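Visitor: Dropping the structure in here first, questions after.
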Amino acid sequence: MNRILITGALGQIGTLLCQSLSNDPDNFILATDIRKPIKNTQYDFVQADVLDYKFFVKLVTEHRINTIYHLVSILSANGEHDPFGTWNLNIQSFQNIVRLGKEYKIKRIFWPSSIAVYGKDISPILAPQQTEMNPETIYGITKLAGEKLMNYYKIKYGLDIRSIRLPGVISINAAGGGTTDFAVEMLNCALNKDKYTCYLLPNTRLPMIYIEDAINAIKALMKTNFKNNERIYSYNVMGYSLTPKIWADAIINKGYKLEVDYKPDYRQIIADGWPQTVDDKLANSIWGWAPKYNIEKTLSDILKS
Ligand code: AKB
């Protein structure tokens, strides 16, 4: 049986990942978050701060946890308001999870990295899987540090930590504090008949993925039997790339009235430092990654509910 602990379980990815993993009778799920859920969950939930190592030791031992999905993170835009706090939370929580992995023989850990590991010196089209990386946000720096630590701990302690570099994730709920949140915010404005003021210029192009594809990617990655060196990567994945203008037009084409004006702020500089598309061939060739959702399918799926 997989006895799974999830941190950041009430976040954009955590909410759906917990539901999806809990549908499998072979999985026991212990969801944790710093916040309390607003409604009852179909799986066990404990309010907990992942910086509290001792409390997590208790959770891991009491529930005989053997797998961890560590999703807690301060994202790119929020991170810029508090670089010290962002380093502390993103890195110290990572270290706590790794330490649990080592001390309590956790068999597999998932931790998401991000396209924020790239900086504006990268070629913006099909950013390569492996290249020199110069992130320009504290969030990106913590993600790059996490990627390096993953490999360090693999060599040092033989830990099995798996990772993908997520682009902007699209779902009905925004991640909160990310630079790619405009897509979800715009969608919600269309549904609520509100006007949307976009903080990025209309033609800013960024890589995106629909939440269903992101969840499928995480699950596929965690099931793969890797050969030795294949585990060292945080794999690039993406569904499609879009601009605020393309996304607004696609929503309007679905019959929604949507008025958007554009007032770029500090997030424009962050977005300008990220690639427009990433090269995800390696994920495809090693563990069969292939997205199922394009822009049209994403919108149809979100709007049907
Ligand atoms: C953000 O915008 O910060 C995140 C990301 C791309 O990692 N969605």
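Derivation of every value follows stated rules applied to the coordinates shown; laboratory data play no part. It should be emphasised that the depicted structure is a prediction, and the values quoted were computed from it without experimental measurement. Ideal geometry is used to build each Cβ from the backbone, glycine not excepted, and the neighbour counts take in all protein chains shown.
Visitor: Where in the stretch 155-194 is the amide nitrogen less than 17 Å from a point lying 7 Å along the Cα-to-Cβ axis of I246?
Guide: Under 17 Å, as judged by backbone N against the label point of I246, lie 167-171, 180-184, 186-187 of the stretch 155-194.
Visitor: Return the distance in nm (one decimal) between the two label points of a simple spin-label model at K105 and F84, each offset 7 Å from Cα along Cα→Cβ.
Guide: Modelled inter-label distance: 4.1 nm.
Visitor: Taking the number of other C-beta atoms within 10 Å as the exposure measure, put C18, C189, C198 in order starting with the fewest.
Guide: C189, C198, C18
Visitor: Under 16 Å from the 7 Å Cα→Cβ point of N151, by amide nitrogen: which residues of the stretch 216-260?
Guide: 228-236
Visitor: Still on this model: Quick one: net charge of Q92's neighbours, Cβ under 15 Å, K/R +1, D/E -1?
Guide: That works out to 0.
Visitor: Let me check I've understood the local charge: for L30, count other residues with C-beta under 12 angstrom from its C-beta, Lys and Arg +1, Asp and Glu -1. What total comes out?
Guide: Values: positive: R3, K58, R64; negative: D33, D44, E62.
Around L30, the charge tally is 0.
Visitor: Another question about this same structure. Reachable lysines from K154, Cα under 30 Å, same-chain residues fewer than 8 places away excluded?
Guide: Counting by Cα, and skipping residues close in sequence, K154 has these lysines nearby: K54, K58, K102, K105, K107, K120, K143, K219, K223, K227, K281.
Visitor: Residues in the stretch 248-279, backbone N under 18 Å from the label point at Q130 (7 Å along the Cα-to-beta-carbon vector): list them, ranges by number please.
Guide: 279
Visitor: Going by average Cβ neighbours within 10 Å, how do the peptides 297-304, 2-9 rank, with the highest at the top?
Guide: 2-9, 297-304
Visitor: If you rank T142, T179, T86 by fewest surrounding Cβ atoms within 10 Å, what's the result?
Guide: T86, T142, T179
Visitor: Moving on. Loop-only check: which GluC sites (Glu not before Pro) in the stretch 37-146 are DSSP coil with at most 11 other Cβ within 10 angstrom?
Guide: E132
Visitor: Just add up the charged neighbours of T142: K/R +1, D/E -1, any other residue whose Cβ is under 15 Å from the Cβ of T142. Working shown, then result.
Guide: On the way: positive: K143, K148, R165; negative: E80, D82, E136, E147.
Net charge around T142: -1.
Visitor: Under 28 Å Cα to Cα from K193, which lysines show up? Leave out anything in the same chain fewer than 8 places away.
Guide: K39, K245, K254, K257, K263, K297, K304
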